[in-house]
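Undergrad: Encoded as structure tokens, here's the structure I'll be asking about.
Taken together, the values in this text are just the output of simple stated rules run on the coordinates, not laboratory data. Values in this document were obtained by computation on a predicted structure and should not be read as measured data. Backbone-built Cβ (ideal geometry, glycine too); neighbour counts: all protein chains shown.
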Amino acid sequence: MSIKVSGGMVCWEEQAVTIMMRAARLHAVNEPMRVEEVEKPVAAGTDVVVEVKACGMVPNLANVLNNWETWYPHQPLPPKPAIFGLDPAGIVHQVGDQVVAIKPGDRVYVNPLRSCGACHACVSGQQAKCGHFTFNGYFGFNQNSLEIFKRYPGGGFAQFMRAPQNAIVKIPDNMTFPQATRVGYLGTAYSALKKLGGLTGKSLIINGATGTLGVGAVMFALAMGISKVYAVARGKPLLERLKQLDPKRIEIFSSTEGKVVDWVQSLTGGVGADFMLDCLGAVADVNAMKDAMMGVKRGGRIINIGGTGSDMLFNTKWWMDNSMDLTGSAWLTTAEGMEISDMVQSGTIDLSVLEVRTFPLDQINEAINWVTSGNGGFTSYVLEP
């Protein structure tokens, strides 16, 4: 505040004080991130500012940072220098003057899904279908995302971040901040499983079952009443660990030992499974997805959440003749995040089966290199700003 004399009158002038924070920023692809002092965001309107206590580092992060502009030039990264960080959790620090149901001190997960907020898809709760659909702190899906990045430029690799109130999920006391950073990937599986319809009495192939998406898919399928999970992955040790979640309902198979379709049919009298969830990652062999798809029975439903980034050739007449549903499902809604929060609070979902490796902000580059070194999807990698 300063004093200004004008026309013989003394006036008090408010001067904005710029407050700084620490953040890790990417200045160019294939370069290390730099931890720097940047301006701290301020809440206004319907936005909130969250003090980040933990932010997840997903297995695909290194690919996005180093290869995305070459692999998928139509899916823009945030303008550089950029603060990445897809799955933040923390404490509400400040709320805008139009925020009603959220208050400072609330423990929260911040859904990185951003959209225009005003189209038919958005107001009907289907933000993933919005033409401006964007992952805050990660990448966009078309050039419209550049408009979203202007409004929400910073992700969770910082001490504070700004987000719209419709991205906030309050988390229960029995969910730690590092555990909350898995809500995005857990929720991706949960959202897809809901799209399958009722799971009670049904069977489900989960392809890529020991990865970050796959482990969550198994956990939620069991909690939602699935009768049988056919879990497929490459490594046997992690498959054996996965089976211990429910030895009676989980069957395991290493894709190195033969064809998934033959294995599933041998256990189902040649009929096949009711559903399939494909969780293979961006650089996986798309033929492994095709093999598992053939293990789904007539009239079945197949949902892809892994994002394998290659063209697939298969007989489209098989698709028609067998009345198959093939669906893509990207991320979760904030409402589904709230449902997951309630499931954890009630004990329906036990996150203690997951282990956590944490890194301080100053070790961001070392942490990125560690992301694929643990026990598959049982390990969460977390940055603590």
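Undergrad: Identify the trypsin sites (Lys or Arg not before Pro) of the range 289-385 meeting these criteria: DSSP loop state and at most 12 other C-beta atoms within 10 Å of the C-beta.
TA: Answer in residue order: no site qualifies.
Undergrad: Express in nm, to one decimal, how much length is gained between N375 and K170 on full extension, taking 0.36 nm for each residue of separation and deducting their alpha carbon distance. Working shown, then result.
TA: Values: separation 205, 0.36 × 205 = 73.80 nm, distance 2.84 nm.
Gain on extension, N375 to K170, equals 71.0 nm.
Undergrad: Kindly list the residues of the range 191-218 that lie in the label zone of V271, defined by a backbone N under 16 Å from the point 7 Å along the Cα-to-C-beta vector.
TA: 199-205
Undergrad: Counting only Cα, what are the radius of gyration and maximum Cα-Cα distance Dmax of the range 307-371, in Å?
TA: Values for the range 307-371 (Cα only, Rg and Dmax): 19.8, 56 Å.
Undergrad: Which entries of K40/K195; K80/K290; K195/K317; K202/K290; K259/K317 show an alpha-carbon separation above 28 angstrom in the structure shown?
TA: Details: K40/K195 39 Å; K80/K290 37 Å; K195/K317 24 Å; K202/K290 21 Å; K259/K317 21 Å.
Where the Cα-Cα span goes over 28 Å, the pairs concerned are K40/K195; K80/K290.
Undergrad: Run through every distinct alpha carbon pair of the range 162-216 and return the Kirkwood hydrodynamic radius in angstroms, one decimal place. If you can, show how the numbers build up before the last one.
TA: On the way: mean 1/r = 0.0749 Å⁻¹.
The Cα-based Kirkwood calculation yields 13.4 Å.
Undergrad: Once you order the gyration tensor axes a ≥ b ≥ c over the Cα atoms, which shape class does the range 233-310 get: rounded for a/c under 1.5, otherwise prolate or oblate by comparing a/b with b/c?
TA: Working: a/c = 1.55, a/b = 1.06, b/c = 1.46.
Verdict is oblate for the range 233-310.
Undergrad: Right, next: Take the alpha carbon gyration tensor of the range 275-337, find the square roots of its eigenvalues, order them as a ≥ b ≥ c, and report rounded if a/c is under 1.5; if not, report prolate when a/b exceeds b/c, else oblate. Let's see the in-between values first.
TA: On the way: a/c = 2.33, a/b = 1.31, b/c = 1.78.
Oblate shape, in that a/c is at least 1.5 and b/c is the bigger or equal ratio.
Undergrad: Here's another thing I want to ask about it. Once you put a point 7 Å from the Cα of L146 and another 7 Å from the Cα of E384, both along the Cβ direction, what distance in nm separates them?
TA: Spacing of the two 7 Å Cα→Cβ label points: 4.0 nm.
Undergrad: If you don't mind, another one. Would you mind calculating the gained length between T358 and N63 on full extension (0.36 nm times residue separation, minus the Cα-Cα distance), in nm to one decimal? All intermediate terms of the calculation are to be shown ahead of the outcome.
TA: Details: separation 295, 0.36 × 295 = 106.20 nm, distance 2.04 nm.
Between T358 and N63, full extension yields an extra 104.2 nm.
Undergrad: Related question: Roughly how big is the range 204-255's charge dipole about its Cα centre, with Cβ charges of +1 (Lys, Arg) and -1 (Asp, Glu), in debye to the nearest 20? Could you put the intermediate results ahead of the total?
TA: Values: 7 positive and 3 negative charges, 17 e Å.
My answer is approximately 80 debye.
Undergrad: What span do the alpha-carbon atoms of the chain cover on each of the three principal axes, reported in whole Å from largest to smallest?
TA: Rounded to whole Å, the extents work out to 95, 44, 42 Å.
Undergrad: Given labels modelled 7 Å from the Cα in the Cβ direction, how far is it in nm from D311 to L222?
TA: The two pseudo-label positions are separated by 4.1 nm.
Undergrad: Now for a separate question. May I ask for the distance between the Cα centers of the range 228-250 and the range 115-163, given as a whole number of Å?
TA: Value for the Cα centre distance between the two parts: 36 Å.
Undergrad: Kindly give the semi-axes, whole Å and largest first, of the ellipsoid equivalent to the range 122-187, taking each as the square root of 5 times a Cα gyration tensor eigenvalue. Write down the numbers at each step before the final one.
TA: Details: eigenvalues 106, 47, 24 Å².
The answer is 23, 15, 11 Å, longest axis first.
Undergrad: For the pair I91 and V17, what calculated FRET efficiency results from E = 1/(1 + (r/R0)^6), where r is the Cβ-Cβ distance and R0 = 25 Å, to the nearest 0.05?
TA: Working: r = 22 Å, r/R0 = 0.88.
Between V17 and I91 the formula returns 0.70.
Undergrad: If you take the beta carbon distance between R298 and K103 as r and set R0 to 56 Å, what does 1/(1 + (r/R0)^6) give as a FRET efficiency, to the nearest 0.05? Write down the numbers at each step before the final one.
TA: Values: r = 52 Å, r/R0 = 0.94.
Calculated transfer efficiency: 0.60.
Undergrad: Based on DSSP, what percent of beta bridges with both residues in the range 50-205 are antiparallel, to the nearest 5?
TA: Counting only bridges with both partners in the range 50-205, antiparallel ones make up about 95 percent.
Undergrad: Roughly how big is the range 235-315's charge dipole about its Cα centre, with Cβ charges of +1 (Lys, Arg) and -1 (Asp, Glu), in debye to the nearest 20?
TA: Numbers: 10 positive and 10 negative charges, 54 e Å.
Around 260 debye, computed over the range 235-315.
Undergrad: Follow-up question, since we're still on this one. Averaged across orientations, what area in nm² does the convex hull of the alpha carbons in the range 167-257 project?
TA: Details: hull surface 26.6 nm².
Averaged projected hull area, Cα only: 6.6 nm².
Undergrad: So if each residue of separation counts as 0.36 nm, and I subtract the Cα-Cα distance between T70 and N30, what length gain in nm does that give?
TA: On the way: separation 40, 0.36 × 40 = 14.40 nm, distance 1.17 nm.
Answer, rounded to one decimal: 13.2 nm.
Undergrad: Using a basic spin-label model with each label point 7 Å from the Cα along Cα→Cβ, how many nm lie between D321 and D262?
TA: 2.1
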